[in-house]
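Chemist: Have a look at the structure that comes next, please.
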Amino acid sequence: MRLRHIPGSEETVAASPYVIGQPQQYQGNFQKLFGNDNPIEIEIGMGKGKFIMELAKNNPQTNYLGIERYPSVLLRAIAKREDLNLSNIYFLCMDARTLTEVFALEEVSRIYLNFSDPWPKDRHAKRRLTSPEFMKVYDQILKRDGVIEFKTDNQKLFAYSLESIPAAGWKISAYTLDLHHSPMAEGNVMTEYETKFSNMGNQICKLIACR
Ligand code: SAM
């Protein structure tokens, strides 16, 4: 995502009631934040947050945490969030590399990775959210029967992920190279990038990974 620093974004994010300032305080105890013990699902790299806010609206019995590392991006999600009357969604402004400091062992039921940055250079492969390094992080925080759902229009990142995920000891339980014309499209919630890229004629790929 092309990024423009927005002056004051850190302060706005820090002051927002929708952003958890010190998420480590809830480690193993997110039911205290939500006031229930419903399952927790997270989107890593949520951008402006359309996808996860729509899921939260549609599924009041599930708790959602949207994770985005840049305050300038999170600002847009906060603005949208202010128009919604929801008690099952919060945002975390953090790098996903440190997720094990925020979530206890197997605390998360589902992880969404949508249109993750492709990091095309080999020397940056570790930064890809489907790299073996990140799969190790997910292995800690995701329930044993939990799943990871990954969507992208980037064919190279998708081909890489079809190899990197099994290489990290996971199974690919389903995948498609053309989500919008496949049975996996049922119930699909579009992300901002998904709308943009499918309007440009790009096919959307999706995979589901489990242990
Ligand atoms: N998921 C949204 C969508 O599909 O419209 C946004 C996709 S955008 C290309 C990727 C987002 O992931 C960016 O906002 C970026 O800042 C965020 N991101 C990338 N790596 C991250 C990381 N390690 N931790 C948290 N956020 C990350």
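The values are calculated or read from the model by the stated rules, or taken from the named source; none is laboratory data. Here the structure is a predicted model, which is why all the values come from computation and not from measurement. Quick reminder, even Gly has a Cβ in these numbers, built from the backbone with ideal geometry, and neighbours come from all protein chains shown. In case anyone asks, the SASA skips ligands and DNA or RNA and just uses the protein heavy atoms, side chains included. Shrake-Rupley method; radii C 1.70, N 1.55, O 1.52, S 1.80 Å.
Chemist: For A167, all conditions in the list (1) more than 17 Å from the chain's Cα centre (by Cα); (2) within 16 Å of the ligand (Cβ to nearest atom); (3) aliphatic (A, V, I, L, M) hold save one; what is the number of the exception?
Modeler: Of everything listed in (1) more than 17 Å from the chain's Cα centre (by Cα); (2) within 16 Å of the ligand (Cβ to nearest atom); (3) aliphatic (A, V, I, L, M), A167 misses just condition (2).
Chemist: Right, another one. So is E149 within 13 Å of the ligand (Cβ to nearest atom) and touching a Gly at 6+ places or on another chain (Cβ under 9 Å) or not? It would help to see each step written out before you state the result.
Modeler: On the way: within 13 Å of the ligand (Cβ to nearest atom): yes; touching a Gly at 6+ places or on another chain (Cβ under 9 Å): no.
Taking the combined requirement at face value, the residue does not satisfy it.
Chemist: If a residue must be open to solvent by 60 Å² or more (accessible area, probe 1.4 Å), more than 8 Å from the ligand (Cβ to nearest atom) and under 13 Å from G45 (Cα atoms), how many such residues does segment 91-140 contain?
Modeler: 0
Chemist: Which of the residues spanning segment 56-70 are over 22 Å from K32 (Cβ atoms), crowded, with 17+ Cβ neighbours inside 10 Å and more than 10 Å from the ligand (Cβ to nearest atom)? Explain how you work it out, then say what you get.
Modeler: Initially, segment 56-70 is screened for residues over 22 Å from K32 (Cβ atoms), giving 57-58, 68-70.
Still in the list and also crowded, with 17+ Cβ neighbours inside 10 Å: 68, 70.
None - no residue of segment 56-70 is over 22 Å from K32 (Cβ atoms), crowded, with 17+ Cβ neighbours inside 10 Å and more than 10 Å from the ligand (Cβ to nearest atom), so the list stays empty.
Chemist: Quick one: is T176 of a type in the set (S, T, Y) and either within 16 Å of the ligand (Cβ to nearest atom) or touching a His at 6+ places or on another chain (Cβ under 6 Å) (or both)? Full working, then the answer.
Modeler: Values: of a type in the set (S, T, Y): yes; either within 16 Å of the ligand (Cβ to nearest atom) or touching a His at 6+ places or on another chain (Cβ under 6 Å) (or both): no.
So T176 does not fit the description; no.
Chemist: Restricting segment 38-61 to residues that are of a type in the set (S, T, N, Q) and in contact (Cβ under 8 Å) with a residue 40 or more places away in the chain, which is farthest from M94 (Cα to Cα)? Spell out how you get there, then give the answer.
Modeler: Step one: filter segment 38-61 for residues of a type in the set (S, T, N, Q), giving 38, 58-59, 61.
Now drop any that are not in contact (Cβ under 8 Å) with a residue 40 or more places away in the chain, which leaves 38, 58.
Values: N38: 23, N58: 25 Å.
Only one residue tops the list, namely N58.
Chemist: The conditions are (1) more than 15 Å from the ligand (Cβ to nearest atom); (2) free of Cβ contacts under 8 Å to residues at least 60 places away in the same chain, and A77 fails exactly one of them. Which is it?
Modeler: The number of the failed condition is (1).
Chemist: Does at least one position in segment 9-20 carry a residue that is within 12 Å of the ligand (Cβ to nearest atom) and either closer than 27 Å to K126 by Cβ or of a type outside the set (A, V, I, L, M, F, W, C) (or both)?
Modeler: Within segment 9-20, the subset within 12 Å of the ligand (Cβ to nearest atom) is none.
No, every residue in segment 9-20 fails to be within 12 Å of the ligand (Cβ to nearest atom) and either closer than 27 Å to K126 by Cβ or of a type outside the set (A, V, I, L, M, F, W, C) (or both).
Chemist: What residue, among those in segment 174-211 that are outside any helix (DSSP H, G or I) and farther than 30 Å from Q140 by Cα, is least open to solvent (accessible area, probe 1.4 Å)?
Modeler: Residues of segment 174-211 that are outside any helix (DSSP H, G or I), as a first pass: 174-178, 182, 186-191, 200-211.
In the following step, the residues that additionally are farther than 30 Å from Q140 by Cα were identified as 178, 182, 200-203.
Numbers: D178: 41, S182: 23, M200: 122, G201: 63, N202: 54, Q203: 90 Å².
Among residues in segment 174-211 that are outside any helix (DSSP H, G or I) and farther than 30 Å from Q140 by Cα, the one least open to solvent (accessible area, probe 1.4 Å) is S182.
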